[in-house]
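Everything below concerns the one structure shown next.
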Amino acid sequence: MSKKMMALVLAVVSAACFALPTVAAAQEIHIEPAESFTVSSTGGEVRAEGEPTVTCTALGGSGSFNAGSTTTGTITRDYTGCHTAVFGFTATCKSEGAEFAGTVANSGTFHLITISSGVPGILMTTNPTKLVCAGISSITITGNMIGTIISPKCGEMNKTLTVSFTASGNTQNHLSYTGGKYDLVAQTNDGVSKTAAMAGSATNTQANAGKLNCT
């Protein structure tokens, strides 16, 4: 092959490579403008195989986007009214170190993604959180969970962003993103790790309307 022909082939191949978007870029979505926000909901459930379900009745918190980012940031969530059933009785639950019974404090990071074509979502990575119920039953929750953004839809603007986390029993309904598996894990006192799930919804509210850009 002549040098001129080789140069032409390389140019064509290079152009084709630049024309193809990477998988990661195709999966990211953005809120524009991205502002700090408050978090609220009516609570939710934490489920793990062979463990009592922990139910919380309310959620508050806050979050913010990383500097210069419209897709990734940090979030803090404070659940209240948390309880479970132990030996047929209702027992309060709290996170380790929490001052008040029934309070679970949790924090982590978030990343705005697309779950499937045209379906926006959020991938949350939670810092390890130890739940203690009635002072006797305890599990440590860590890992990831994927939720669906119910509103706004792609291309729409709103001050609020509503996310729904759904599960079938102890397993999140959405577990994969760009070929990787993302799951919540509950570790018991004896070191056994089990799949866990979070079921519930939350609304993030910022001061100004942001556009959900999914392209």
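We did not get these values from a lab; they are worked out from the coordinates using the rules stated. These numbers were taken from a predicted model, which means no experiment stands behind them. Because the Cβ atoms are built from the backbone with ideal geometry, glycine has one as well, and the counts that use them run over all protein chains shown.
Observations on the structure shown:
- The relative contact order of the chain, computed from alpha carbon pairs under 8 Å that lie at least 6 residues apart in sequence, is 22 percent.
- Cα gyration tensor, the chain - rounded (a/c under 1.5), prolate or oblate: prolate
- For the stretch 25-213, size of Cβ-based charge dipole, Lys and Arg +1, Asp and Glu -1, in debye: 160
- Alpha-carbon centroid distance for the pair the stretch 127-170 / the stretch 73-125, whole angstrom: 6
- The chain: angle of helix 3-19 to the longest principal axis, Cα-based, in degrees nearest 10: 30
- In this structure, the pairs whose alpha-carbon distance is over 18 Å, taken from Lys94/Lys130; Lys159/Lys211; Lys181/Lys211, are Lys181/Lys211.
- Charge dipole (the stretch 42-186, unit charges on Cβ, about Cα centre) - positive-most of Val119, Gly43, Ser95: Val119
- Cβ crowding within 10 Å ranks Glu156, Glu99, Glu28 as Glu99, Glu156, Glu28, fewest other Cβ atoms first.
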